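Following: one structure in C-alpha cells, then a few remarks.
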Amino acid sequence: DNGQGVLFHRTISLDQDYMFKVVDEVENKTNAEITLLPYARVHRSGHPPSQVYSVLHEGLVGVSGDHGLVEDTYANALKESVPKTFENVVGGWLGITDKYWATALVPDQKTPYRATYSALPARDPSGRDAFQTDYLRGALAVPPGERRGIEGHLFAGAKQASLIDGYEKALNILRFDRLIDWGWFYFITRPLFRLMEFINGIVHNFGITILILTVIVKAAFYPLANKQYESMARMKKMQPEMQRIKEQYKDDSQRQQKEIFELYRKEKINPLAGCWPILLQIPVFFALYKVLFVTIDMRHAPFFGWIHDLSAPDPTSVFNLFGLLPFDAPTFLHLGAWPLIMGITMWVQMQLNPPQPDPIQQQIFQWMPVMFTFLLASFPAGLVIYWAWSNTLSISQQLWINKKNGAEIHLFGNLRRTFAPLLRLFGASGDGTSGK
C-alpha cells in the first residue's frame, strides 16, 4: 500500500526447476485513472570470478525479437559508452549468463517492449562495475476502482539443455535455446548433443557415449575417408617408381620434384591424402569440444578409472609418473595419460604413410603428433578420449583398405627406420637382422 490509495500485489510462483512466474497487479482505490510503466531487470554487481574463454560467451545475452541474438561480454559492455536499446520488440528474452548458470527475463511474448543491455561503470554502492538487462513495457492504465496487472517469467538456474528446450516449447519463448552458447556451428553442435543425449539415455555413461558417437561419426564419413585411404594405397604402390625418379634426378632436386608431382597427376594421387583422416574430424572435434565445454550435462560426468569429470582435463601427469612420485608437475608441463595415448595413436597412424618425398613434409608428419599431444593436454578428457579412439578406428580402417588393395603396409618399415639407433644399441640392425 503506497498510502495514496494504490495497492500493489505481486504473486511469485516457482515450478520444480528454475522458472519463476511473476504476476504484478495494481488496484486503484482513488477517484482518478492512474498510468504506470511495467518494467523488469536483471542486475549484477561486480565481475564474475571466472576466466575469459574465447569459445564461450559470458555476459549480457538475449534474443530481442526480430533483432535476433544479442551478446555482449562484460568487458565490451564497459567499453561502450551507451546502452544497446531495441524498441518495439515482440518475443524473446534477455538476461546475464555465466558458463553453466543464467538469469533471464521472459516478458509476455505477444506484447511489445523496449529491451536494454547496459553496463554501469563504478555505479555499484561499493564502487564496483555493474551490469544490467531490462525491459520496459507500454503504459498500463488502471481506471478508478479496478485492478489490472501483467504477467512475466524469470529463469534463474542451471542451463540444462532439456529444461531450456522444455521451457521454450511450454511457454513459446522465442529461441530460448540460445541461452546455451552453442556457437557458430550451431547446426552441428545441437544435433550432436541431441544424439549424445539419446545414446546416454541407453548406456548411462557419457564416456561410453563418446566411444559410440565416434563409431557413428566414422561410419558417416566412411565413403569419403575410404576414397582417401585408397588414394594413399595407390601412392604406396608407386613407391618403386618414385624411388627410380629420385635416383635418376638425384642431382637436380627441382626436376625430381616436377617428375614426382607429374606422376601424382598421372596416377590421380593426392600426396596430402594422409592428412584427410585428421581434417575430416575437425568440425566434429570442435562441435564435441563445445558440447563438453558449455553444457552442464557434461559437468562432473565420469568415465572409468581416474577420469571423474569428462569436461575437465586428464588429472594425471607423466612428469610425476602419473601420481607415483610425491609432487605435482607444473601446469605448463601437465601431460596426462589420455593425451599421451592420443599422441601415440596419432603417431602410429602417421607411420602408416610412406615417407614423404619432401623433407619438410616428412618433418611435419613426424612432429605433428607431438604438437597435438601437448596441445590437447589441457583440453577436456572426453575430447581427448574421442580423438584417441577415432585414431584407433582409423588405423584399423587404413590397414584393412591397404590389405584389400594389395598395397604395402609401411608401418613396420617406418618403425624400423625410426628406432634404428635403438635397435643398433641393443644389437639389432634397422632392417630386422641381428648386428654385431
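Each residue in the stretch 166-187 was checked for being more than 21 Å from G59 (Cα to Cα), of a type outside the set (G, A, S) and out of contact with any Phe, Trp or Tyr (no Cβ under 8 Å at 6 or more places or on another chain), and 4 pass. Applying the criterion of at least 3 residues that are under 24 Å from the mean Cα position of the chain (by Cα) to the strands (runs of 3 or more DSSP E) found wholly in the stretch 1-105 leaves 59-64, 69-73, 92-97. Among the β-branched types (V, I, T), at pLDDT 85 or above, more than 22 Å from K237 (Cα to Cα) and open to solvent by 50 Å² or more (accessible area, probe 1.4 Å): is that true of I341 in this structure? When the stated conditions are applied, I341 passes them.
State all residues of the stretch 178-218 that are within 15 Å of the chain's Cα centre (by Cα), closer than 17 Å to Q160 by Cβ and aromatic (F, W, Y); if no residue qualifies, say none. Selection gives W182, F193.
Matching residues to (1) over 21 Å from L174 (Cβ atoms); (2) in contact with a helix residue (DSSP H, G or I) (Cβ under 7 Å, 6 or more places away or on another chain); (3) among the aromatic types (F, W, Y); (4) surrounded by fewer than 14 Cβ atoms within 10 Å (Cβ to Cβ):
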| residue | (1), (2), (3), (4) |
| --- | --- |
| P48 | yes, no, no, no |
| K84 | no, no, no, no |
| N88 | no, no, no, yes |
| T97 | no, yes, no, no |
| A102 | no, yes, no, no |
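In the set (1) modelled with pLDDT under 75; (2) over 24 Å from F187 (Cβ atoms), the condition left unmet by H300 is number (1). If you go through the stretch 237-260 and keep only what is over 18 Å from N353 (Cβ atoms), assigned to a loop (DSSP other than H, G, I, E, B) and open to solvent by less than 100 Å² (accessible area, probe 1.4 Å), you end up with Y249, D252. The listed residues are A377, A407, A420, A428, and the only one of them that is buried (at least 18 other Cβ atoms within 10 Å of the Cβ) and either at pLDDT below 65 or in contact with a strand residue (DSSP E or B) (Cβ under 8 Å, 6 or more places away or on another chain) (or both) turns out to be A407. Please determine whether any residue of the stretch 50-62 is open to solvent by 80 Å² or more (accessible area, probe 1.4 Å), β-branched (V, I, T) and farther than 19 Å from D108 by Cβ. Within the stretch 50-62, one or more residues are open to solvent by 80 Å² or more (accessible area, probe 1.4 Å), β-branched (V, I, T) and farther than 19 Å from D108 by Cβ. Listed by position, the strands (runs of 3 or more DSSP E) contained in the stretch 125-196 that have at least 3 residues being open to solvent by 20 Å² or more (accessible area, probe 1.4 Å) and touching a residue at least 40 places away in the same chain (Cβ under 8 Å) are 130-137, 147-158.
V203 meets each of the listed conditions (1) within 21 Å of E58 (Cβ to Cβ); (2) loosely packed, with under 15 Cβ neighbours inside 10 Å apart from (1).
Go through the residues of the stretch 280-292 one by one and say whether even a single one is touching a strand residue (DSSP E or B) at 6+ places or on another chain (Cβ under 7 Å), open to solvent by less than 40 Å² (accessible area, probe 1.4 Å), at pLDDT 85 or above and not in a loop (DSSP other than H, G, I, E, B).
Pass one, the stretch 280-292, residues touching a strand residue (DSSP E or B) at 6+ places or on another chain (Cβ under 7 Å): none.
For the stretch 280-292, residues touching a strand residue (DSSP E or B) at 6+ places or on another chain (Cβ under 7 Å), open to solvent by less than 40 Å² (accessible area, probe 1.4 Å), at pLDDT 85 or above and not in a loop (DSSP other than H, G, I, E, B): absent.
The values are calculated or read from the model by the stated rules, or taken from the named source; none is laboratory data. Computed from a predicted model, the values in this text were never measured in an experiment. When we count neighbours, we look across all protein chains shown, and the Cβ atoms used for this are built from the backbone with ideal geometry, even at glycine. For accessibility, only protein heavy atoms count, side chains too; no ligands or nucleic acids. Shrake-Rupley method; radii C 1.70, N 1.55, O 1.52, S 1.80 Å.
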